[in-house]
Amino acid sequence: MLEVTELRKTYPTGDEALKGVSMAVEGSETVAMIGPSGAGKSTFIRCINRLTEPSDGEVRLDGSDLTELDDDALRTARRDVGMIFQEYNLVERLTVMENVLTGRLGYVSAWSAFRRSFPAEDIERAYDILDRVGLGDMENKRVDELSGGQRQRVGIARAVIQNPKILLVDEPTPSLDPETSNTVMRLLTDIAAEQDVPVLINIHEVDLAMEHADRIVGLHDGGFVFEGTPDELDDAG
Ligand code: ADP
Ligand code: ADP
């Protein structure tokens, strides 16, 4: 379970991107965070694993406060956080399988990971997960030969293989067509249920959030402005 309490972030520029926000994500629920550009969505998700250093507040993952960890402990703790972020794009020249296995090793550089030999059980698990995300016959393809939707699935497989305690997804669908976006969202919610892992997704398409999320939180100007199930939000207009 992820429990964020009174999280604040003020950038050195003086921008108050988060003004003390709290939320919990647990079980196998999918929570979509929506809000206009500049609301603080990306800052929020990046503060969870301290890719951005929070200014104040707590981020507890199964009880332990990530904001208090030293660099070594943080590196270990990050293996419990499955990240599907744009900028962690895949390593273009590596194959699908290599990209997935590189994640499993805790984000060591792709090339050094590539030169290692991987334990058979990891390879087996990678095959299972690639099957699950619909890339069962693509393990030897280079990532630069894949479509946008296929690449997103590789990113999902790479995050899921580490058995994370939470999946964080930053804008999963920006350059995907509506049908592919729907498929990717459905895959994420199905995986949450199957693996019993909560998912927190930043997304700007409100209709995708309404269709797929169990709960929606609205962020505006560094604070949560609403929260509810899609049905509740629908009723509220
Ligand atoms: P969103 O993801 O909702 O678009 P962001 O978290 O990217 O919002 O941005 C929230 C606010 O923080 C914005 O005012 C943005 O300009 C500011 N901000 C984001 N990143 C930085 C940064 N590295 N330095 C200074 N200000 C930033
Ligand atoms: P270190 O502390 O040695 O930098 P990190 O765990 O912080 O190790 O991550 C190493 C690098 O990999 C960092 O640049 C980090 O931003 C990046 N990274 C973190 N998570 C992922 C991920 N899911 N996929 C790809 N790269 C990642």
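Put the Cα centre of segment 11-62 next to the Cα centre of segment 216-234 and the gap is 14 Å. Each Lys and Arg Cβ is given +1 and each Asp and Glu Cβ -1; about its Cα centre, the chain then shows a dipole of about 1000 debye.
Distant-in-sequence amide contacts of Gly38, defined by a placed amide H-H separation under 5 Å and a gap of 5 or more residues or a different chain, comprise nothing.
Based on Cα contacts under 8 Å between residues 6+ apart, the chain shows a relative contact order of 30 percent. Within the chain, DSSP assigns beta bridges of which about 55% are antiparallel (rounded to the nearest 5). Sorting 122-130, 5-13, 77-85 by their mean Cβ neighbour count within 10 Å, with the most densely packed peptide first, gives 77-85, 122-130, 5-13.
About its Cα centre, the dipole of segment 1-103 is roughly 360 debye, where the only charges are +1 on Lys and Arg Cβ and -1 on Asp and Glu Cβ. Think of it as helices only: each DSSP H run of n ≥ 4 in the chain is worth -39500 (n - 2.57), and spread over all residues that comes to -10500 deg cm²/dmol at 222 nm.
Taken together, the values in this text are just the output of simple stated rules run on the coordinates, not laboratory data. These figures come from a predicted structure and were not determined experimentally. All Cβ positions, even for glycine, are placed from backbone atoms using ideal geometry, and neighbour counts span all protein chains on display.
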